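Participant: Sharing a structure, written as structure tokens. Questions coming.
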Amino acid sequence: MTVVQRYPRKAFLALLCAGMAAPVQAAEPLTLFLLKMLRDQLATSAIESAARAAAAPPAAPPIMPALEGIHGISEEQLRGLIDVGFVHLSAAQRAKVYASLVRMLADPRNAVARPLIIEEVARQASMVRGVHERLSALSAAEKRAIAAEARPEFERLPQEDLDKLMQLLRSGVAPVPRDLNDLLIAEIGAATLSR
């Protein structure tokens, strides 16, 4: 039995705080993992925004059958991978992820990397779904405890990092159940007010 299975609440707290603050010595591995994932999502979002701003006018959307045969995955399989793996996202958000991924795969400059891109998407989808399922299985009391345990870590973060984390949680793209997401938003708000 892994640490994540034995101590999901502590592991989640460790994940949540690790990526946003300077190294936290007392944080648990799952919270560190989640925070790293949240930090990576923020970085990815910033990179994507910069790339869109620098890009030329968008080309015509790729022809949908262009994905057939790429690393043995069909369009339906790719869409299914996104829908099953990123259950925390809304249908509109998953559609945007799918469209972005199709554009990336259709880009001739990415031809060599297509198999790696597909493998990475599959790996991330599996990981995100697993985290979401484990967190969803927690009781309401365990979720409240996670949020309460996260508050001291939030209080240690610079205000700029707290603002970014708040924006990420409000956007609904963090792989946490809605009720836990709302609890974390409340704790960040309380941490901000206590400054």
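The values are calculated or read from the model by the stated rules, or taken from the named source; none is laboratory data. Since we're looking at a predicted model, the values are computed, not measured. So basically every Cβ, Gly included, is an ideal-geometry build from the backbone, and we count neighbours across all protein chains shown.
Participant: Within segment 109-147, can you find the residues that are over 22 Å from Asp179 (Cα atoms), aliphatic (A, V, I, L, M) and loosely packed, with under 13 Cβ neighbours inside 10 Å?
Facilitator: Just the residues of segment 109-147 that are over 22 Å from Asp179 (Cα atoms), to begin with: 109-124.
Cutting the leftovers down to aliphatic (A, V, I, L, M) gives us 111-113, 116-118, 121-122.
Of everything in segment 109-147, those that are over 22 Å from Asp179 (Cα atoms), aliphatic (A, V, I, L, M) and loosely packed, with under 13 Cβ neighbours inside 10 Å turn out to be Ala111, Val112, Leu116.
Participant: Only one residue in Ala147, Ala106 is in contact (Cβ under 8 Å) with a residue 24 or more places away in the chain and assigned by TED's automatic domain parsing to the domain that holds Ala186, so which one is that?
Facilitator: Values: Ala106 fails: assigned by TED's automatic domain parsing to the domain that holds Ala186.
None of the other options fit; the residue is Ala147.
Participant: With respect to Leu81, determine if the residue is surrounded by 18 or more Cβ atoms within 10 Å (Cβ to Cβ), over 21 Å from Leu168 (Cβ atoms) and out of contact with any Gly (no Cβ under 6 Å at 6 or more places or on another chain).
Facilitator: On the way: surrounded by 18 or more Cβ atoms within 10 Å (Cβ to Cβ): yes; over 21 Å from Leu168 (Cβ atoms): yes; out of contact with any Gly (no Cβ under 6 Å at 6 or more places or on another chain): yes.
So Leu81 fits the description; yes.
Participant: How many of the residues in segment 96-110 are among the small types (Gly, Ala, Ser) and out of contact with any helix residue (DSSP H, G or I) (no Cβ under 9 Å at 6 or more places or on another chain)?
Facilitator: Step one: of segment 96-110, the residues among the small types (Gly, Ala, Ser) are 99-100, 106.
Then drop every residue that is not out of contact with any helix residue (DSSP H, G or I) (no Cβ under 9 Å at 6 or more places or on another chain), which leaves 99.
The qualifying residues number 1.
Participant: For Glu187, indicate whether it is more than 30 Å from Leu78 (Cα to Cα), part of a helix (DSSP H, G or I), in contact with a Phe, Trp or Tyr (Cβ under 8 Å, 6 or more places away or on another chain) and not assigned by TED's automatic domain parsing to the domain that holds Leu89. I'd like the intermediate steps shown before the answer.
Facilitator: Details: more than 30 Å from Leu78 (Cα to Cα): yes; part of a helix (DSSP H, G or I): yes; in contact with a Phe, Trp or Tyr (Cβ under 8 Å, 6 or more places away or on another chain): yes; not assigned by TED's automatic domain parsing to the domain that holds Leu89: yes.
For Glu187, the condition - more than 30 Å from Leu78 (Cα to Cα), part of a helix (DSSP H, G or I), in contact with a Phe, Trp or Tyr (Cβ under 8 Å, 6 or more places away or on another chain) and not assigned by TED's automatic domain parsing to the domain that holds Leu89 - is met.
Participant: Quick test of your reading of the structure: Val173 fulfils all but one of (1) assigned to a helix (DSSP H, G or I); (2) aliphatic (A, V, I, L, M); (3) at pLDDT below 90; (4) out of contact with any strand residue (DSSP E or B) (no Cβ under 9 Å at 6 or more places or on another chain). Name the failing condition by number.
Facilitator: (1)
Participant: Here is a follow-up. Out of all the residues in segment 73-102, which are under 24 Å from Ser136 (Cα atoms), outside any helix (DSSP H, G or I) and among the polar types (S, T, N, Q)?
Facilitator: Ser90
Participant: May I ask you to list pairs of residues, at least six apart or on different chains, whose Cβ atoms are under 8 Å apart, with the first in segment 77-88 being free of Cβ contacts under 8 Å to residues at least 60 places away in the same chain and the second being buried (at least 16 other Cβ atoms within 10 Å of the Cβ) and of a type in the set (Lys, Arg)?
Facilitator: Pairs that qualify, where the first residue is free of Cβ contacts under 8 Å to residues at least 60 places away in the same chain and the partner is buried (at least 16 other Cβ atoms within 10 Å of the Cβ) and of a type in the set (Lys, Arg), are Ile82/Arg94; Asp83/Arg94; Val84/Arg129; Gly85/Arg129; Val87/Arg129.
Participant: Only one of (1) of a type outside the set (Asp, Glu); (2) out of contact with any Ser or Thr (no Cβ under 8 Å at 6 or more places or on another chain); (3) within 11 Å of Leu183 (Cβ to Cβ) fails for Ala150. Which number is that?
Facilitator: (2)
Participant: Taking the criterion of being touching a Cys at 6+ places or on another chain (Cβ under 6 Å), at pLDDT below 90 and in a helix (DSSP H, G or I), would at least one residue in segment 139-153 satisfy it? Can you show your working first?
Facilitator: Going residue by residue through segment 139-153, those that are touching a Cys at 6+ places or on another chain (Cβ under 6 Å) are 153.
Pick out the ones that are also at pLDDT below 90 and you get 153.
From the residues that got through so far, the ones that are in a helix (DSSP H, G or I) too are 153.
Looking through segment 139-153, at least one residue is touching a Cys at 6+ places or on another chain (Cβ under 6 Å), at pLDDT below 90 and in a helix (DSSP H, G or I).
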